[in-house]
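Taking it in order: structure first as structure tokens, then the write-up.
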Amino acid sequence: MKDQVRGKAEEIKGKVTGDRGLETKGKARQAVGNLKRTVRDVKEDVREGGH
């Protein structure tokens, strides 16, 4: 979640300042956060027996 929030803040800051690099970095950080959450959810499902 931290990556998603930080990434969104970077994306917005990049849009406001016109810094496309920062905007792209923010979007990438959000994607990393989403991937981490998905992995965590899958691990939890496996521990629970896949139900």
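The values are calculated or read from the model by the stated rules, or taken from the named source; none is laboratory data. What you are looking at is a predicted structure, and each value in this text was computed from that prediction instead of being measured. Using ideal geometry, Cβ is built from the backbone for each residue, glycine included, and neighbour counts are taken over all protein chains shown.
A few points about this structure:
- Condition check for residue 49: surrounded by 11 or more Cβ atoms within 10 Å (Cβ to Cβ) and not hydroxyl-bearing (Ser, Thr, Tyr): no
- The number of residues in the stretch 17-30 being under 20 Å from residue 3 (Cα atoms) and loosely packed, with under 13 Cβ neighbours inside 10 Å comes to 2.
- Members of the stretch 22-50 found to be more than 17 Å from residue 8 (Cβ to Cβ) and not acidic (Asp, Glu), listed by number: 38, 39, 40, 42, 43, 46, 47, 49, 50
- Positions within the stretch 1-16 being over 8 Å from the mean Cα position of the chain (by Cα) and either touching a residue at least 60 places away in the same chain (Cβ under 8 Å) or crowded, with 17+ Cβ neighbours inside 10 Å (or both), in sequence order: 10, 11, 14
- Search result, residues across the chain that are aliphatic (A, V, I, L, M) and in a helix (DSSP H, G or I): 5, 9, 12, 16, 22, 28, 31, 32, 35, 39, 42, 46
- Conditions (1) at pLDDT below 95; (2) out of contact with any helix residue (DSSP H, G or I) (no Cβ under 6 Å at 6 or more places or on another chain); number of the one not met by residue 3: (2)
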